[in-house]
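J.: I have a structure I would like to understand better, so I am pasting it below and will then ask my questions one at a time.
The values are calculated or read from the model by the stated rules, or taken from the named source; none is laboratory data. Because the structure is predicted, anything quoted here is derived from the model rather than measured. Here the Cβ is made from the backbone with ideal geometry for all residues, glycine too, and neighbour counts use every protein chain on show.
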Amino acid sequence: MSDPSLAVPRSALGHLRIDAFTVRGYRLLWSANLSWNVGRWMEQVAVGWIALELTGSPFLVALVGFYRSLPLFLLGTFGGVLGDRYDRRRLMLSLQLVNVTTVGTLAILYLVGRSSYLDLAICELILGTSMAFDWPSRRSLTVDLVGRGRITNAVAMDATGMNVSRTVGPLLSGFVIDIFSPGIALAMLAGLYLLNAILIWQVPQPSAQLVAKGRGVWHNLLDGFGEVLKDQAIVGVLAITVAMNLLFFPYQQLLPVVAVNVLGIGSVGLGALAAADGVGSLAGTLLIAVVAPHRRNGLYFWVGSIIGASALIAFSFQRSFAIAVALLAIGGFFRASFSAFQAAIILRKSSDKMRGRAMGILTLAIGVGPFGTLEIGALAQAFGTPTAILVDATICVVLVATIGARLKRFREA
């Protein structure tokens, strides 16, 4: 556990529920997570811009994102095993140095006019692999620092920071590209990853981590699946996570098509559409962070996911820009419970020695997203974008509703 002497006096917090911020180590980790997430959103814009600049192909631009996400599916569970077997802080620190080297090299290649699409693809594969190994340890370290009692609040604060980064990162990247160049944006991204490493280095070493020893990696992985899948609450979170990442989140890749071909708006309107979900999610996660419910998180997770996907069904019928923005914001507000409670439930329910592997399995569930992107793209090509969004969102609502209805202990988690 973290050193109580590092905590801020509770009386100084007034009535705000920011319990996790009383722990100095968590404040450092939260700051590291914020720089990490801002960097990831900057990267998405900068790398996508360079890919379009090099190829002029929308498909190849999307394919770069596929390269970035695929390692989550292939390697996320192994990342969880490594987080249980080795020091999480050192693992994360090493991975940030890999990120700095990779992005820094790409920035130099671009600035000297030697970058290629292959360089982008290799860079994205490396960064995706780094994230697959990093993310389970990053989440597990949160529990090591704040303890189980503060975990819901800590994850909600993390989600708040992530939603802030979803606005700041793309705007910052776009501004730098417009004023300077994509190469400078990549250089700034490397600087953010370096800042992340410095902040992680300053996080106090927690004493809570139980390191899995003895049997090999494959045995550790199978043990993790065996224990985690016995808990109905964790099974519910994993199943709904798969449904949402396959059928809900891929709509974001089609927003440019919606903006131009459906709503008849330009780039400014597209930016508003993209930001609407983030604004709603930020409001929702701030509310969760303040209220910090400690009971029935599974119910909030379930209902919020259903309402968020239902708002997307309504969005698919819209031809009014204002109503479309409002629906995405409303959907984001309710879907905030998905982001806030997804990891919180698994972190609370998994044992200390299995925590990293549990987060690795969650990473695997999240990693199905690239296949959903390919599916909705094919559906939109054949039947039109509104129909593709409607079909996927409807199936998502039915699946999520069915999963939650059948798992009582999940709803009570």
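J.: Residue by residue through region 309-344, note down the ones that are within 14 Å of Leu362 (Cβ to Cβ) and touching a Gly at 6+ places or on another chain (Cβ under 6 Å).
T.: Passing the criteria: only Phe338.
J.: Something else about it: I need a count of the residues in region 262-309 that are modelled with pLDDT of 75 or more and outside any helix (DSSP H, G or I).
T.: Residues meeting the conditions: 4.
J.: Okay, next question. Do you know which residues across region 114-128 are surrounded by fewer than 22 Cβ atoms within 10 Å (Cβ to Cβ) and at pLDDT 90 or above?
T.: Ser116, Tyr117, Leu118, Asp119, Ala121, Ile122, Leu125, Ile126
J.: Within the group Arg114, Arg139, which residue is basic (Lys, Arg), in contact (Cβ under 8 Å) with a residue 40 or more places away in the chain and at negative phi?
T.: Result: Arg139 is the single residue among Arg114, Arg139 that is basic (Lys, Arg), in contact (Cβ under 8 Å) with a residue 40 or more places away in the chain and at negative phi.
J.: Considering (1) crowded, with 19+ Cβ neighbours inside 10 Å; (2) among the polar types (S, T, N, Q); (3) closer than 20 Å to Val100 by Cβ, say which one Ser140 fails and leave the rest.
T.: (3)
J.: Could you list all residues from region 375-389 that are closer than 12 Å to Leu254 by Cβ and part of a helix (DSSP H, G or I)?
T.: Passing the criteria: Glu375, Ile376, Gly377, Ala378, Leu379, Ala380, Gln381, Thr385, Pro386, Thr387, Ala388, Ile389.
J.: If you don't mind, another one. Please find, among Ile313, Ile361, Ile376, Ile346, the residue that is surrounded by fewer than 22 Cβ atoms within 10 Å (Cβ to Cβ) and touching a helix residue (DSSP H, G or I) at 6+ places or on another chain (Cβ under 8 Å). Talk me through it step by step, then tell me what you get.
T.: Working: Ile361 fails: surrounded by fewer than 22 Cβ atoms within 10 Å (Cβ to Cβ); Ile376 fails: surrounded by fewer than 22 Cβ atoms within 10 Å (Cβ to Cβ); Ile346 fails: surrounded by fewer than 22 Cβ atoms within 10 Å (Cβ to Cβ).
It is Ile313.
J.: Something else now. Which residues, taken from region 132-183, are under 19 Å from Ser339 (Cβ atoms) and either touching a strand residue (DSSP E or B) at 6+ places or on another chain (Cβ under 9 Å) or charged (D, E, K, R) (or both)?
T.: Asp134, Arg138, Arg139, Arg150, Asp158, Arg166
J.: Then there is this: So which pairs qualify, if the first residue must be in region 250-265 and under 13 Å from Ala393 (Cβ atoms), the second must be acidic (Asp, Glu) and surrounded by 20 or more Cβ atoms within 10 Å (Cβ to Cβ), the Cβ gap must be under 9 Å, and the two must be at least 6 apart or on different chains?
T.: Matching pairs, first to second residue: Pro250/Asp392; Tyr251/Asp392; Gln252/Asp277.
J.: Taking the conditions exactly as written (modelled with pLDDT under 90 and under 22 Å from Ala274 (Cβ atoms)), does Ala185 satisfy them or not?
T.: Yes.
J.: Consider region 110-148. How many of its residues are of a type in the set (A, V, I, L, M), farther than 20 Å from Gly65 by Cβ and in a helix (DSSP H, G or I)?
T.: So the answer is 5.
J.: Determine which single condition Ala413 fails, assuming it passes every other condition in (1) part of a helix (DSSP H, G or I); (2) at pLDDT below 80.
T.: Every condition holds for Ala413 apart from (1).
J.: Name the single residue that is nearest to Thr402 (Cα to Cα) among those in region 304-331 being touching a Lys or Arg at 6+ places or on another chain (Cβ under 7 Å) and touching a residue at least 60 places away in the same chain (Cβ under 8 Å). Please lay out each step first, then the result.
T.: Taking region 304-331 first, the residues touching a Lys or Arg at 6+ places or on another chain (Cβ under 7 Å) are 304-305, 308.
Next, from what is left, pick out any that are touching a residue at least 60 places away in the same chain (Cβ under 8 Å): 305, 308.
Details: Ser305: 12, Gly308: 16 Å.
Among residues in region 304-331 that are touching a Lys or Arg at 6+ places or on another chain (Cβ under 7 Å) and touching a residue at least 60 places away in the same chain (Cβ under 8 Å), the one nearest to Thr402 (Cα to Cα) is Ser305.
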